[in-house]
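One structure is given below, encoded as structure tokens.
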Amino acid sequence: MRLIMLGPPGAGKGTQGAMLARALQVPHIATGDIFRQAVKEFTALGRKAQSYLERGELVPDEIVVEIVLERLQKPDCGKGFILDGFPRTVKQAQALEEFLHKEGNALTGVILLDVDPEVLVERLTGRRVCRRCGATYHFQYMPSRVEGRCDECGGELYQREDDREETVRHRLDVHESQTRPLRDYYEKRNLLYVFDAAQPIEGVFVEIMEQLGRGQL
Ligand code: AP5
Ligand code: MG
Ligand code: ZN
């Protein structure tokens, strides 16, 4: 199963990606998570990426592509993977396609989480993330059992730096101009599967699993 989660900030790529990875037993590779971890650890990558993340701009293609292609060569990707937040530009999509082609592989499908931008601001400003394990919550739509604490590991929940309203709005614009063209890109390749991501979390997941079960994805 080689899947891509596509959709605007807050559509649920991370939420659904983590649930799918658990169900399908493949790694969930989220470029945003990789960058945030690098920033936290002050690595060379973190220093390069930090200012882009803070401003809600895209990290340059060369940097992202190198990181992702390196990650996809790890043995745990042998059974497949779920890419979340990558590709984000046509250049990134082309680089991925070329890489998979060289390996004799192809994508299974691209899961587009489609949702009206109106609801996204509310989802993102209400999101809380575990500092320790990265699990994602929403104070209203997916609250943790104990306020401020992660259900999985007991870690502290925090608000992402780029989830402040001004930055959220900018990220949505960046998505419109740089990532939306990927819909056409994958539609032309007959790889695009659209899901209504405005419904509750569980409903989106069930629809995706049903399509996978029917072999239609
Ligand atoms: P990244 O971390 O990928 O951020 P993003 O794309 O903006 O997406 P989000 O993580 O904000 O949203 P999501 O779709 O994962 O939603 P979630 O499931 O958490 O990227 C961050 C930054 O890294 C970028 O700005 C850029 O700088 C850099 N970057 C990363 N990849 C890059 C690349 N390829 N190229 C260049 N730069 C790159 O859900 C959101 C909230 O809503 C949660 O609180 C959740 O609980 C809730 N929720 C989810 N689904 C539902 C639902 N159905 N109903 C109600 N609530 C829901
Ligand atoms: Mg995410
Ligand atoms: Zn945790």
query = Which order, highest average first, do 11-23, 66-78, 34-46 follow once you tally other Cβ atoms within 10 Å for each residue and take the mean per peptide?
reply = 11-23, 34-46, 66-78
remark   = Listed by chain and number, the lysines with an alpha carbon less than 20 angstrom from that of Lys91, same-chain partners under 8 positions apart left out, are Lys48, Lys102, Lys188
task = Evaluate the distance, in nm, between pseudo-label points positioned 7 Å from the Cα of Thr43 and of Glu147 along their respective Cα→Cβ axes.
result = 3.6 nm
message = Below 8 Å, C-alpha to C-alpha, sequence gap of six or more: please give me the relative contact order for the range 2-213 in percent.
response = 29 percent
query = How large, in percent, is the carbon and sulfur part of the accessible surface of the chain at a probe radius of 1.4 Å?
reply = 49 percent
note = As straight-line cross-link partners of Lys79, the qualifying aspartates and glutamates (C-alpha separation under 17 Å, not fewer than 8 residues apart within one chain) are Glu70, Glu103
query = For the pair Met1 and Asp196, what calculated FRET efficiency results from E = 1/(1 + (r/R0)^6), where r is the Cβ-Cβ distance and R0 = 22 Å, to the nearest 0.05?
reply = 0.55
ask   = Could you give the Stokes-Einstein D for the chain in µm² per second, using the C-alpha Kirkwood radius, 25 °C, 0.890 mPa s?
value = 139 µm²/s
note = Heavy-atom accessible area per residue of the range 136-201, all protein chains kept, 1.4 Å probe, expressed in Å², is 63 Å²
query = What share of the DSSP beta bridges in the chain is antiparallel, in percent to the nearest 5?
reply = 30 percent
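The values are calculated or read from the model by the stated rules, or taken from the named source; none is laboratory data. As the structure is a prediction and not an experimental result, all values here were calculated from the model. Here the Cβ is made from the backbone with ideal geometry for all residues, glycine too, and neighbour counts use every protein chain on show. Surface areas here come from the heavy atoms of the whole protein model, side chains and all, with no ligands, DNA or RNA. Shrake-Rupley method; radii C 1.70, N 1.55, O 1.52, S 1.80 Å.
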